[in-house]
Amino acid sequence: MSAFQRRVAGYRQALPVMLGSVALLVFAGACRTGEREGGEAVTVAADPGKEIYDRVCFACHSIGEGPRIGPDLKDIHQVRAHDWLVRWLRDPVGMTKTDSIGRAILAQWNNVPMVSPNLNDEEIDQVLDYITRVSEGRTVAASEDLGPVELTPAAFEEGSRIYFDRCAGCHGTLRAGATGPNIQPERTTQIGTAAIRAILANGTPGGMPPWGRQGILSADELTLMAKFVQLPPPDPPQRPLSEIRASWSLKVPVASRPKAPQTTRDWENYFGVILRDAGQVAIIDGDTYEHITTVETGFAVHILRSSSTGRYFYAIGRDGRVTLIDLWTETPTLVAQVQGCTDARSVEGSKYPGYEDRYLIEGCYWPTQYVVYDGLTLEPLSVTDVGGSTYDTNEPLTEVRVAAIVASHNGPVWMVALKESGFVAIVDYSKKGFPVVSRIPAERFLHDGGWDHSGRYFLVAANMRNKMVVIDAETQELAATFETGVRPHPGRGANWQDPEFGWVNATTHIGQGLLSVYGADPANHPQHAWKVVRQVPFTGTGSLFLKTHPNSAWVWFDMALNNDPEGARQTCVYSKQEAKVHRCWTVGDRGRAVHFEYNRAGTEVWVSVWDPKGELVIYDDKTLAEKHRIRGDWLVTPTGKFNVHNTAEDVY
């Protein structure tokens with residue numbers, strides 16, 4: 001294997017996952033010239049096999065240039081019989097279940113299935129003929145000339161903007177990778193502009209959205225980004241406390257706020273709904289389904305958190321802007337804002353008795369720091385650097401991002417997951433300066449997580465290591481790590497009592513269609529604790545979220561990372577009692593079905609149709625019947641939904 005092949009093989013083993021919006025635009029290969037036997041010049045129009053290959057295969061495969069995301073197809077006609085190849089292209093997912101060779105291929109390629117190319121038999125014959133001709137040298141697979149890897153200052157600035165919006169979350173500000181692979185120039189220049197462009201256009205089986213086919217990036221933007229990631233990343237700015245203070249805006253002082261709720265609505269059953277691309281949060285009455293108001297919150301809100309009392313929503317945008325929303329006013333009101341990071345994903349309030357609503361922590365993706373604020377005003381109080389080295393090899397790191405943060409109900413501490421270094425930091429907010437009092441070695445590439453049913457154990461995914469990590473908050477020690485599947489993504493997880501294994505938790509995966517249930521009851525079922533006890537495969541290539549409620553018989557999960565647009569619109573429920581998937585169905589006719597939230601009583605489940613023309617679909621949790629569908633021009637790309645009571649009390 002050449003150095004180039006080894007580099008690309010390494011790239012394949014770390015498939016990126018980047019979240020995007022949804023539409024549909026078929027990406028077609030550009031018109032290129034090849035050579036038929038006998039010297040006849042052919043174009044895409046005259047060579048349908050080439051057109052199909054460029055459109056369907058090129059992003060994942062080469063013919064004679066080594067592996068990309070999938071294997072090199074050169075001489076595949078000599079390795080596999082023609083009828084086998086036809087059957088494979090008709091139904092690759094089915095073949096991995098029924099055919100011994102198919103199962104072996106799936107295992108070899110990290111259990112990431114090939115998405116069905118949706119070709120008819122004539123098209124299959126045409127593309128196989130093209131691969132054979134190129135393999136035998138009878139056709140030249142000339143690459144499209146996309147020009148030199150050079151960008152004007154304006155184009156580089158536009159590339160930086162797109163990268164921040166669509167790529168940085170998984171690949172990092174400095175492109176060193178985490179949830180997605182390292183895409184620094186040392187790697188990307190070996191892949192080349194044409195191959196990168198095809199990957200961006202068509203996505204990957206591991207969950208990276210097809211930015212071109214979805215219509216998120218135009219043809220010119222695909223070429224721009226394919227070149228941009230081959231150039232050195234710009235130097236990102238730092239953000240000291242002085243700059244954070246300068247950004248602080250207290251719009252309504254505490255003394256001017258109501259002393260009691262000014263609304264007759266059940267504000268504890270409000271839903272905060274993220275309108276991702278609009279930079280807004282909508283507040284909806286969970287009893288009447290009425291849209292109460294929309295709050296301008298800043299760029300691409302990632303999550304909402306409720307304060308300990310539930311009175312306030314904290315919104316964190318990907319631009320690092322924190323917004324404080326008062327729910328006691330007659331109409332929910334923005335009362336303060338501040339920007340502590342240039343890129344962020346996490347925020348959490350203080351929840352220990354005696355500290356309710358007193359403090360707030362924001363974790364930065366960039367710079368490598370966390371910021372603590374006054375919980376009622378967002379006045380910046382302190383900044384703490386979290387940089388350092390990896391927990392296992394002591395490798396110095398230039399980028400350490402703060403991922404999940406959870407607040408203990410049993411002590412004045414926050415559990416802070418440090419993504420690249422693999423430590424879980426414990427921040428004590430009862431101490432002056434809000435210091436890190438413990439750094440627990442865990443596993444690298446920590447991402448999302450939540451509490452077990454007892455509130456003692458912090459369960460967090462190390463998704464690029466295919467593991468869940470268990471931290472004992474009482475002893476401040478690592479309790480366990482264990483593998484669950486290809487890139488677990490539990491959100492905050494789901495707690496319930498299994499009829500056989502007692503208390504369990506679960507995760508879905510962004511790299512495969514798999515629900516993994518694991519024991520989480522060390523007190524009563526120690527033999528099953530922190531071990532996978534059930535694996536439930538489902539159709540599709542990946543999921544983002546799952547959710548349950550103590551009053552529910554179900555665990556809901558989405559298929560939002562399915563590369564098949566129809567599959568991405570489905571949701572499923574797992575029966576706690578039957579220990580199997582009970583039912584799957586299509587939620588909407590566009591976009592993706594994503595994220596779940598229960599009402600306060602646990603009798604209804606809200607699901608987002610993630611689309612520019614979004615919807616919120618409300619189901620009766622007992623019967624699974626649709627009860628209501630919220631629509632409106634204001635409902636732009638709805639993603640996460642957060643019920644006040646459930647979020648404040650960590651009900652999941």
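Quick look at the numbers
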quantity	calculated
For L381, distant residues with modelled amide H under 5 Å away	V372, Y373, D374
Residue order, fewest to most beta carbons within 10 Å, for S218, S346, S421	S218, S346, S421
On Cα atoms only, tilt of 3-12 relative to the major axis of the chain in degrees	50
Computed log₁₀ I(q)/I(0) - Debye formula, equal Cα scatterers, no solvent, the range 433-561, q 0.13, 0.14 Å⁻¹	-0.49, -0.57
Karplus-derived 3J(HN,Hα), 6.51/-1.76/1.60, for each residue of the range 232-248, Hz, glycine and proline x	x, x, x, 6, x, x, 7, 9, x, 4, 4, 5, 5, 4, 5, 8, 6
For the range 195-229 and the range 253-276, distance of Cα centres in Å	41
Hz values of 3J(HN,Hα) by residue in the range 218-223 - Karplus curve (6.51, -1.76, 1.60), Gly and Pro given as x	6, 4, 5, 5, 4, 5
The chain: calculated mean residue ellipticity at 222 nm from DSSP helix runs of at least 4, using -39500 (n - 2.57)	-5000 deg cm²/dmol
Distance histogram in 5 Å bins (all Cα pairs of the range 179-318, percent per bin)	2, 8, 11, 13, 15, 12, 11, 10, 9, 6, 4, 1, 0
Linear extension gain, H628 paired with S575, 0.36 nm per residue minus alpha-carbon span	16.8 nm
Whole-angstrom Cα spans of the chain along principal axes, big to small	87, 57, 51
Long-range amide H partners of I292 with built H, under 5 Å	I283, I284, D285
Nearest 10 degrees, 0 to 90: helix 193-202 Cα axis against the chain principal axis	60
Length gained when the stretch D650-T603 is fully extended (0.36 nm per residue, less Cα-Cα span)	15.2 nm
Estimated distance in nm for a label pair at R583 and H409, the labels positioned 7 Å out from Cα along Cα-to-Cβ	3.1
Loop-resident sites, the range 256-361, for GluC sites (Glu not before Pro), counting at most 14 other Cβ within 10 Å (DSSP)	E290, E330
Relative contact order (%) - criterion: Cα under 8 Å, at least six apart; region: the range 59-142	29
Residue exposure sequence - F482, F538 - by fewest surrounding Cβ within 10 Å	F482, F538
Separation of the L478 and A176 label points, Cα + 7 Å toward Cβ, nm	1.9
Estimated FRET transfer efficiency (V254, E330; beta-carbon r; R0 25 Å; 0.05)	0.90
Using alpha-carbon coordinates, inclination of helix 153-166 to the longest axis of the chain, degrees	70
Paramagnetic reach from A104 in the range 60-80 [backbone N under 12 Å; point 7 Å along Cα→Cβ]	80
Whole-angstrom Cα spans of the range 592-633 along principal axes, big to small	29, 16, 16
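We did not get these values from a lab; they are worked out from the coordinates using the rules stated. The model shown is predicted, which means the values in this text are computed figures rather than measured ones. A quick note on method: Cβ atoms are made from the backbone with ideal geometry, for glycine too, and the neighbour counts reach across all protein chains shown.
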